[in-house]
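What follows is a set of notes on a single structure, which appears directly below.
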Amino acid sequence: ADADGPVLLRVEDLDVRFPVTTPVGRSTVHAVKDLSFQIRRGTTLGLVGESGSGKSTVAAALTGLVEPDAGSASLDGIDVLDVHGREEKALRRRISLVFQDPFSSLNPRTRAGTAIAEPLRVHRLTKGRQARRKRVDELLELVGLSASFASRYPHELSGGQRQRVSIARALATEPDLLISDESTASLDVSVQSRVLDLLSDLQRDLQLTYLFIGHDLAV
């Protein structure tokens with residue numbers, strides 16, 4: 001990656017607060033305070049901190065899951081925090097999120113293939129079921145799983161396999177930015193290593209840009 005290449009994501013003075021109710025009245029939790037950073041295209045930025053430090057809140061703010069109180073964020077110069085309608089749908093396609101726990105982020109009643117196909121259907125990236133199924137098979141192969149895994153439910157998969165399915169789903173929209181929110185934290189050490197190798201290979205092959213969130217400096 002070119003360390004002097006163009007900036008893909010620029011975040012400035014991001015601020016997120018949550019109202020909470022305590023025994024003595026209402027209060028506010030300041031989850032993210034005046035956070036600024038930038039990520040150049042094709043590179044990885046590691047966001048490291050202890051549990052409760054607001055790391056996942058940053059991911060949620062950048063993907064529209066929570067609304068920041070202040071600050072700005074732009075992807076290729078497009079405002080990430082204040083976009084609506086068709087522009088928002090197009091922008092959401094360019095940023096994908098892999099959650100920490102694949103068992104809770106996958107619908108237990110939905111087969112792996114259906115989960116991966118959902119972004120393809122929502123963003124109309126394929127025409128017809130046959131083309132969608134072919135693309136699902138390609139995505140499974142991309143993350144090191146055979147096409148037969150498309151028919152399996154989450155409880156029929158190991159933790160590493162579930163996370164690979166989650167990564168395949170995140171890659172379905174061919175994003176520019178992939179946010180990994182503690183995506184290896186719930187895996188044992190040997191599986192964790194293989195998933196990290198997979199993410200490294202995917203970045204090299206697909207020219208992905210990563211925001212890698214974690215609490216383990218070694219990872």
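Between R204 and E88, the distance separating the two model label sites (each 7 Å from Cα on the Cα→Cβ line) works out to 3.9 nm.
When a/c reaches 1.5 or more, the comparison of a/b and b/c decides; with that in mind, is the range 158-219 rounded, prolate or oblate per its Cα gyration tensor? Since a/c reaches 1.5 and a/b is larger than b/c, the shape of the range 158-219 is classed as prolate.
Please list, or write none, the lysines whose alpha carbon is within less than 16 Å of the alpha carbon of K55, excluding same-chain residues fewer than 8 places away. Counting by Cα, and skipping residues close in sequence, K55 has these lysines nearby: K33. Helix 189-206 and the longest principal axis of the C-alpha atoms of the chain enclose an angle of approximately 90°.
Sketch the reach of a paramagnetic label on V122 as a point 7 Å from Cα along Cα-to-Cβ, and name the residues of the range 144-166 whose backbone nitrogen lies under 16 Å away. Hits in the range 144-166 for V122 at 16 Å: 166. Could you tell me the center-to-center distance, by alpha carbons, between the range 189-219 and the range 78-148 in angstrom? What the calculation gives is 19 Å, centre to centre.
The alpha-carbon of K134 sits under 17 angstrom from the alpha-carbons of these aspartates and glutamates, leaving out residues fewer than 8 places away in its chain: E118, E174.
Annotation: lysines with alpha-carbon distance below 19 angstrom to K89 (same-chain offsets under eight excluded): K127. Packing around the peptides 207-215, 49-57, 9-17, 78-86, taken as the average count of other Cβ atoms within 10 Å per residue, puts them in this order, highest first: 207-215, 9-17, 49-57, 78-86. Of all DSSP bridge pairs formed entirely within the chain, close to 60 percent run antiparallel.
A 1.4 Å probe run over the protein chains yields, for the range 89-210, 51 Å² of accessible area per residue, whole-number rounding. Remark: spin-label model distance F103-S36 equals 4.3 nm, labels positioned 7 Å along the Cα→Cβ axis.
Pop the C-beta distance of K134 and L65 into the FRET formula with R0 = 35 Å and round what comes out to the nearest 0.05. So the FRET efficiency works out to roughly 0.70.
Based on the alpha-carbon gyration tensor of the range 37-119 and its eigenvalue square roots a ≥ b ≥ c, which shape applies: rounded if a/c is under 1.5, prolate if not and a/b is larger than b/c, or oblate? Here the range 37-119 falls in the oblate category. Against the main long axis of the alpha-carbon atoms of the chain, helix 128-142 sits at an angle near 80°. For the range 139-219, with all protein chains in place and a probe radius of 1.4 Å, 48% of the accessible heavy-atom surface sits on carbon or sulfur.
With 0.36 nm allotted per residue and the present C-alpha distance subtracted, the H155-V24 stretch has 42.9 nm of extension available.
The values are calculated or read from the model by the stated rules, or taken from the named source; none is laboratory data. Predicted model, so just to flag it, every value in this text is computed and none were measured. Glycine gets a Cβ as well: all are built from the backbone with ideal geometry, and neighbour counts include every protein chain shown. With ligands, DNA and RNA removed, areas are computed over all heavy atoms of the protein, side chains included. Shrake-Rupley method; radii C 1.70, N 1.55, O 1.52, S 1.80 Å.
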